[in-house]
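Participant: Below are the structure tokens for one structure; questions will follow.
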Amino acid sequence: YRLVMNLAAKGYVQPSKELIAKLLPSIIFNRDHNKTVYQPENVLIYPETLATHIWYLFELESGIHFSDRWLHYGADVIKAETGWIPLFKNYCNEGRIDRNRLLQETVYATNRNFNKQLSGWFCELLVALEPSNEEILALQPALMTILSSPNSKVVNTALQYFKKVVADKPFDYVSFLDNTPLLLASDTRNV
């Protein structure tokens, strides 16, 4: 990613969205001898990374869901505090990333015809962001669209959030009932 960005700054290349989405997941990891160093501040090197490029990860297929697997950080690092999900949470809390957009893009990414693991990773990100009931109610239209997902984890995540807000007055029960035939006809037993 850094090489491409440096070449782009010099006018040698014009990177596509697809190339950026493929290269960006590894930017937060550096190799140091026999271990990996987690450096989330690397996304701050180029202003366009947080402003534009990071959103390509939600639009296009990438390897973000397995970017931190099989990495050895050393004994002093807690693996649950490394990777893209903690980065999104921290930068969202710090105001560097717009929370409403992040929540909405995360929900839409779960149903963008990505592979099962990538869609599941976006579900994990949504759960980690811990949306409030008000945010869930605001996300209702997006959550309704993922009820037709072929991936059971995605559908179950949406149902869990609807379960939390079903008793709230602004819950759109008419749209939910319109989508129930999809749920009832689902091949997945656990839905």
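Any read-out appearing in this document is the output of simple, stated calculations on the displayed coordinates, not a laboratory observation. This one's a predicted model, so the numbers in the text were calculated from it and none came from an experiment. For neighbour counting, all protein chains shown are included, and Cβ atoms are generated from backbone atoms with ideal geometry for every residue, glycine included.
Participant: Restricting to lysine pairs 8 or more places apart or on different chains, what number in region 1-146 have Cα atoms under 28 Å apart?
Facilitator: The number of close lysine pairs in region 1-146 is 12.
Participant: Expected output is a single nm value to one decimal: the length gained when fully extending between residue 100 and residue 128, i.e. 0.36 nm times separation in residues minus the C-alpha distance. What is it? Please list the in-between numbers first.
Facilitator: Details: separation 28, 0.36 × 28 = 10.08 nm, distance 1.43 nm.
Residue separation times 0.36 nm, minus the Cα-Cα distance, leaves 8.6 nm.
Participant: Further, regarding this structure: Determine the sum of side-chain charges near residue 99: Lys and Arg each +1, Asp and Glu each -1, restricted to other residues whose C-beta is under 13 angstrom from that of residue 99.
Facilitator: Details: positive: 89, 96, 101; negative: 94, 98, 105, 130, 134, 135.
Net local charge, residue 99 excluded: -3.
Participant: Okay, next question. Hey, quick one: spin label on residue 4, modelled 7 Å out along Cα-Cβ, who in region 111-126 has an amide N within reach, i.e. under 20 Å?
Facilitator: Flagged as within label range: 114-115, 118-119.
Participant: A further question follows. What number comes out for the charge environment of residue 60, summing +1 per Lys or Arg and -1 per Asp or Glu over other residues with Cβ under 13 Å away?
Facilitator: Numbers: positive: 17, 22, 112; negative: 18, 59, 61, 105.
With Lys, Arg at +1 and Asp, Glu at -1, the neighbours total -1.
Participant: Could you work out the relative contact order of the chain? I mean the mean sequence separation of Cα pairs under 8 Å and 6+ apart, divided by the number of residues, in percent. Please report the intermediate quantities before stating the final value.
Facilitator: Numbers: 185 pairs, mean separation 27.8, N = 191.
That works out to 15 percent.
Participant: How do 88-96, 100-108 rank on mean C-beta neighbours within 10 Å, highest first? Write down the numbers at each step before the final one.
Facilitator: Working: 88-96: 14.1, 100-108: 18.8.
Result, highest mean Cβ count within 10 Å first: 100-108, 88-96.
Participant: A further question on this structure: By per-residue mean of other Cβ atoms within 10 Å, what is the highest-first order of 31-39, 52-60, 133-141? Provide the component values of the computation, followed by the final result.
Facilitator: Working: 31-39: 12.8, 52-60: 18.6, 133-141: 16.2.
Final packing ranking: 52-60, 133-141, 31-39.
Participant: Shifting gears a bit: Say each of residue 33 and residue 138 gets a label point 7 Å from the Cα, pointing the same way as Cα to Cβ; how far apart are those two points in nm?
Facilitator: 4.6
Participant: Here is a follow-up. Once you list every other residue whose beta carbon is under 15 Å from the beta carbon of residue 17, what net charge do they have if Lys and Arg are +1 and Asp and Glu are -1?
Facilitator: Details: positive: 22, 112; negative: 18, 48, 59, 61, 105.
Every neighbour counted, the sum reads -3.
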